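The values are calculated or read from the model by the stated rules, or taken from the named source; none is laboratory data. This one's a predicted model, so the numbers in the text were calculated from it and none came from an experiment. Because the Cβ atoms are built from the backbone with ideal geometry, glycine has one as well, and the counts that use them run over all protein chains shown. Only protein heavy atoms, including side chains, enter the accessible area calculation; ligands, DNA and RNA are left aside. Shrake-Rupley method; radii C 1.70, N 1.55, O 1.52, S 1.80 Å.
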Amino acid sequence: MCCGGRDGDCRPLGFLLGLPFAFLACLISLVGIIVWIVGLLLTCICPCCLCVTVIVELALELIKAPIHVIEWFTAQIPC
C-alpha cells in the first residue's frame with residue numbers, strides 16, 4: 001500500500017504521514033461496521049425499506065475509509 005501503483009513509484013513519506021489519519025479512519029470504520037450489521041439485519045427483516053439499503057451502502061464506504069485515506073495521502077505527497 002506504500003506504492004501508489006502508478007509508474008511503480010513508492011511514496012513512503014506520504015504513507016507515514018497518512019498513518020495517523022488512517023487510524024482515525026479505522027475508528028470511523030468500526031462505526032461503519034456496526035451500522036452495516038444493524039442495517040443488514042433491518043434489511044433482512046423488512047426488505048422493502050429503501051432508506052435502510054442506502055444506509056448500508058454508506059456504511060460500506062465508511063468501512064473502506066482507511067484504504068481511501070492512505071491512497072489519498074500517498075497520491076498527494078510527491079516524494
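Determine whether A59 is modelled with pLDDT of 85 or more and closer than 20 Å to Q76 by Cα.
Against the criterion (modelled with pLDDT of 85 or more and closer than 20 Å to Q76 by Cα), A59 does not qualify.
Counting the residues of the range 33-79 that are open to solvent by less than 80 Å² (accessible area, probe 1.4 Å) and under 30 Å from C10 (Cα atoms) gives 11.
The residue pairs whose first member lies in the range 39-58 and is over 22 Å from S29 (Cα atoms), whose second member is at pLDDT 85 or above, and whose beta carbons are closer than 6 Å, counting only pairs six or more residues apart or on different chains, do not exist in this structure. So for the range 59-78 (the condition being part of a helix (DSSP H, G or I) and among the charged types (D, E, K, R)), does at least one residue qualify? Yes: one or more hits.
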